[in-house]
Amino acid sequence: MRRPMVAGNWKMHGTRASVAELIKGLRQLALSTGVDVAVFPPCLYVSQVVEGLAGKSMVVGAQNCAYEPLQGALTGEVAASQLHDAGCKMVLVGHSERRLLLSESDEAVARKFAAAQSCGLTPILCVGETREQREAGKTLEVVSRQLDSVIESLGVGVFAQAVIAYEPVWAIGTGLTATPDEAQSVHAAIRAQLAAENAEVARGVRILYGGSVKAANAAELFGMPDIDGGLVGGASLNADEFGAICRAAGN
Ligand code: PGA
């Protein structure tokens, strides 16, 4: 049985004061023991969140890391080793906002994935198609290529210590959600692609759905056989809403 996970991606939101408020709300949540919960604040606030959530069974992660694993001369970047030192346990790699708005290539994503694992961080590899790609019938082709670029450079075994998030770009921050069936069919294809190389890894890896997940649609999505939880953006900035999504995953 795969343990469900709910991950909150705060994106580039927050101030010291609003982060303190959110921590307060998260500390008050009564979480089910049947779900892993992680939050991904902006890098600047990681230490504040790590300290603020001390003693709670919530993991803190970062939204990105440098492709070089260790500290060095790379102005403006943050190394996976530094994130680990600051108390992070996970890191998002290949979020579509970085792939599309910051031109992050499949190759860079694979390097970041490797950097994360080499420093003891669990990467969440984000994959997903744009609206144009979906309308052209290319969803599975796009997602499969994004997954393959990691498998080809690092081997399928790396997914024994990683999480995947399927996030259709057209559903992110738009209020549009893939239907449970639409999402399930992509999740099943991702798992089948891994299974073709290693059945055990495929069975064990958690595949989260992301794209306008909220309390009102979470249970239906998480009820699908290959959807193991959610990567939540906007709704993760509200502790009560986020808590409701975590409960939906734990049930
Ligand atoms: P959203 O974002 O829940 O606001 O759609 C999801 C994500 O980008 O991770």
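Readers should treat all values here as calculations from the given coordinates under stated rules, not as data from a laboratory. Keep in mind the model is a prediction, meaning the values are calculated, not measured. Don't worry about glycine lacking a Cβ; one is built from the backbone with ideal geometry, like all the others, and counts go over all protein chains shown.
At 25 °C and 0.890 mPa s, what whole-number value in µm²/s does Stokes-Einstein give for the translational diffusion of the stretch 46-113, with Rh from the Kirkwood sum over Cα pairs? The estimated diffusion coefficient comes to 192 µm²/s. Computed from the C-beta positions of Ala216 and Gln161, the FRET efficiency with R₀ = 30 Å rounds to 0.35.
Here, the stretch 1-159 is characterised by an Rg to Rh ratio of 0.98, where Rg is the alpha-carbon radius of gyration and Rh the Kirkwood radius. Sorted fewest first by neighbouring Cβ atoms within 10 angstrom, His84, His187, His13, His95 come out as His13, His84, His187, His95. Across the chain, C-alpha contacts under 8 Å between residues 6 or more apart give a mean separation that, scaled by the residue count, equals a relative contact order of 23 percent.
Longer than 21 Å from Cα to Cα, which of Lys112/Lys214; Lys56/Lys112; Lys89/Lys112; Lys11/Lys214; Lys112/Lys138 are they? Say none if no pair is. The pairs that break the limit, which is 21 Å between Cα atoms, are Lys112/Lys214; Lys56/Lys112; Lys112/Lys138. Sequence-ordered 3J(HN,Hα) estimates for the stretch 63-80 from the Karplus curve with 6.51, -1.76 and 1.60 and θ = phi - 60° stand at 8, 5, 9, 6, 6, 8, x, 10, 4, x, 7, 8, 3, x, 9, 10, 7, 4 Hz, glycine and proline given as x. Considering only Cys126, Ala239, Thr139, the residue lying farthest towards the positive end of the dipole of the stretch 102-251 is Ala239, judged by Cα position with unit charges set on Cβ.
Under the simplified labelling scheme, the Glu197-Ser47 pair shows an inter-label distance of 3.8 nm, with each label point 7 Å from Cα along Cα→Cβ. Which of rounded, prolate, oblate describes the stretch 1-79, given a ≥ b ≥ c as roots of the alpha-carbon gyration tensor eigenvalues and a/c under 1.5 marking rounded, otherwise prolate only if a/b is larger than b/c? It comes out oblate by the Cα gyration axes. Compared with the direct C-alpha span, the chain from Glu77 to Leu176 gains 32.4 nm at full extension, assuming 0.36 nm per residue. With the simple spin-label model, which puts each label point 7 Å out from Cα in the Cβ direction, the Ala86 to Lys138 separation comes to 3.5 nm.
About the centre of its Cα atoms, the chain shows a dipole size close to 620 debye [charges on the beta carbon of Lys, Arg (+1) and Asp, Glu (-1) only; nearest 20 debye]. This ranking places Glu129, Glu135, Glu68 by how few other beta-carbon atoms lie within 10 Å of each, fewest first, which gives Glu135, Glu68, Glu129. Selection among Gly204, Pro168, Ala62 by position relative to the dipole of the chain gives Ala62 as farthest towards the positive end (Cβ unit charges, Cα centre).
Taking a quarter of the surface of the Cα convex hull of the stretch 75-217 gives a mean projected area of 9.2 nm². Given their separation in residues at 0.36 nm each and the Cα-Cα distance between them, Ser153 and Leu102 gain 16.2 nm when the chain is fully extended.
Could you point to the residue in Ala73, Ser153, Asn217 farthest towards the positive end of the chain's charge dipole, with +1 and -1 charges on the Cβ of Lys/Arg and Asp/Glu respectively? Farthest towards the positive pole: Asn217.
Estimated at 0.36 nm per residue, the fully extended path between Asp240 and Ser32 surpasses their Cα-Cα distance by 73.5 nm. Arranged from fewest to most other beta-carbon atoms within 10 Å of their beta carbon, Thr75, Thr122, Thr179 become Thr75, Thr179, Thr122.
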